[in-house]
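Let me begin by presenting the structure, written as structure tokens, before commenting on it.
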């Protein structure tokens, strides 16, 4: 298999201490996860320690999440270096001390040092899946580790969906592929002969006559070919997504009401989830939940993923979520939010579920989102933007001035210049109080300064100073405080 041959070449290079980076891309269902599982088995058989972390669409508010999962970094880790990184990250989040982004860079440096130390012990294969959903800190860490890989016994693998990368992810992809140690591995649709061969192998002699005429409808996508065979060839052109839904329904109905409810809550927790946390959410003994999850594994809906479980494919998880009425889904998110709060989870995770389970105008959810946004504003301003945007969608009226200002500074910090200027100018049209207007002009001044519009920046800063004085604030101290927000 051509793909595994490329993986083996990267493993050989990494084992020799030359380092390697592998970038795997392809559409949903094309076989990225399957290839990575096979690659992990090859690596493990070759004496590599394998570490896997995955970004998830619903947990982008967790800075460094895939790296923490991959390297099993927690405050209770037995390894002193792992514990120190976890403690540093938590302290940075709680204190939000220093200049904007400085805490992020300290954590990244510690993670690179940790990878170097681990690679000195045994060769390492580190997999970061679904880069299209990764937070900025995860992307920056991948770049830093890749740049250090040339002299390490490390194979860094990142995967992403074709066409789904945000701007920072596209930059990372370009930078990675510019490295001498990098290999690009795009997964294309199967050609006609390969698709027919896979379908025939899966169908067997008895089912092949029914499946054969419909293979073209799968358009070379291995997962859809598998579903077509599972449906006995009954799906026509354009109906394979419906076949997927029917396939998931059939397999979940086999689990009974208890199993369906278990998987629905798991789907809302994420593509990858902790069985223990799921048991907490359901309010049931872990052994009972484990029984339902084992049946789901037997139905090929779930797979093992380190200490956690994961849906076999995100299309399966999406289908389970789509089956839920909006009111039911909101109630389930609220239950998850309360459970996370009780178990001491991070504020953004609590806030996200609370917001998804809250009705419009829910002040408690709005306050949770605001507090979580402030907690992360220096370490991960992109998280702050996401949380405050969610807050805005819940608000009955315009965001309070302080929350609006926090969103402006976060937009500026993440380089979203156009959105920041548009929002700032719209706020000034409402003729806010002098103190608020001063902060908005100061933010615009920094934006114009960064874009080399020095005359415009000077005008904005002069206006901010005048308005700050009018509001009874000391201009210099005011601007320093505003710039550090």
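The values are calculated or read from the model by the stated rules, or taken from the named source; none is laboratory data. As the structure is a computational prediction, the values presented were derived from the model and not from experiment. As a convention, Cβ positions derive from the backbone with ideal geometry for all residues, glycine included, and neighbour counts pool all protein chains shown.
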Next item on the list: Considering only segment 296-312, state which residues are touching a strand residue (DSSP E or B) at 6+ places or on another chain (Cβ under 9 Å) and part of a loop (DSSP other than H, G, I, E, B).
Entry: 301, 306, 312
Notebook entry, point to check: Which of (1) in contact with a helix residue (DSSP H, G or I) (Cβ under 7 Å, 6 or more places away or on another chain); (2) free of Cβ contacts under 8 Å to residues at least 12 places away in the same chain is the odd one out, the single condition residue 64 does not satisfy?
Noted result: (2)
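Within segment 265-274, restricting attention to residues that are touching a helix residue (DSSP H, G or I) at 6+ places or on another chain (Cβ under 6 Å) and assigned to a helix (DSSP H, G or I), which residue is farthest from residue 55 (Cα to Cα)?
It comes out as 265.
One line per residue, one yes/no per condition, for (1) out of contact with any helix residue (DSSP H, G or I) (no Cβ under 7 Å at 6 or more places or on another chain); (2) surrounded by fewer than 23 Cβ atoms within 10 Å (Cβ to Cβ); (3) within 26 Å of residue 311 (Cα to Cα); (4) in the same structural domain as residue 222 (by TED's automatic domain parsing):
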| site | (1), (2), (3), (4) |
| --- | --- |
| 128 | no, no, yes, no |
| 142 | no, no, yes, no |
| 149 | yes, no, no, no |
| 159 | no, no, yes, no |
| 167 | yes, yes, no, no |
| 171 | yes, yes, no, no |
| 179 | no, yes, no, no |
| 182 | no, yes, no, no |
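Let's see how each residue does on (1) more than 28 Å from the chain's Cα centre (by Cα); (2) surrounded by 19 or more Cβ atoms within 10 Å (Cβ to Cβ); (3) closer than 28 Å to residue 328 by Cα; (4) at pLDDT 80 or above:
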| residue | (1), (2), (3), (4) |
| --- | --- |
| 229 | yes, yes, no, no |
| 234 | yes, no, no, no |
| 251 | no, yes, yes, no |
| 281 | no, yes, yes, yes |
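In the set 412, 380, 439, 391, which member is more than 28 Å from residue 138 (Cα to Cα), in contact with a helix residue (DSSP H, G or I) (Cβ under 7 Å, 6 or more places away or on another chain) and crowded, with 17+ Cβ neighbours inside 10 Å?
Going through 412, 380, 439, 391 in turn, just one is more than 28 Å from residue 138 (Cα to Cα), in contact with a helix residue (DSSP H, G or I) (Cβ under 7 Å, 6 or more places away or on another chain) and crowded, with 17+ Cβ neighbours inside 10 Å: 439.
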Notebook entry, point to check: When segment 14-35 is examined, which residues are found to be outside any strand (DSSP E or B) and at pLDDT below 90?
Noted result: 27, 28, 29, 30, 31, 32, 33, 34, 35
Check: Could you list, in sequence order, the residues of segment 365-387 that are over 21 Å from residue 268 (Cα atoms) and without any contact (Cβ under 8 Å) to a residue 60 or more places away in the chain?
Finding: 367, 370, 371, 373, 384, 385
Check: Filter segment 291-306 for residues that are free of Cβ contacts under 8 Å to residues at least 40 places away in the same chain and exposed (fewer than 15 other Cβ atoms within 10 Å of the Cβ); which is farthest from residue 49 (Cα to Cα)?
Finding: 291
Notebook entry, point to check: Considering only residues of segment 340-360 that are in contact (Cβ under 8 Å) with a residue 24 or more places away in the chain, touching a helix residue (DSSP H, G or I) at 6+ places or on another chain (Cβ under 7 Å) and surrounded by fewer than 20 Cβ atoms within 10 Å (Cβ to Cβ), which is nearest to residue 55 (Cα to Cα)?
Noted result: 356
Note to self: surrounded by 20 or more Cβ atoms within 10 Å (Cβ to Cβ), within 30 Å of residue 374 (Cβ to Cβ) and touching a residue at least 60 places away in the same chain (Cβ under 8 Å): is that true of residue 48 in this structure?
What the structure shows: no
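Using the structure shown, decide if residue 132 is part of a helix (DSSP H, G or I), over 29 Å from residue 17 (Cβ atoms) and in contact with a strand residue (DSSP E or B) (Cβ under 7 Å, 6 or more places away or on another chain).
Taking the combined requirement at face value, the residue satisfies it.
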Note to self: Filter segment 184-196 down to the residues that are surrounded by 13 or more Cβ atoms within 10 Å (Cβ to Cβ) and in a helix (DSSP H, G or I) and list them by number.
What the structure shows: 194, 195, 196
Next item on the list: Could you please tell me which pairs satisfy a Cβ distance under 6 Å, a separation of 6+ or placement on different chains, a first residue in segment 1-26 that is more than 21 Å from residue 143 (Cα to Cα), and a second residue that is modelled with pLDDT under 90 and buried (at least 17 other Cβ atoms within 10 Å of the Cβ)?
Entry: 3/35
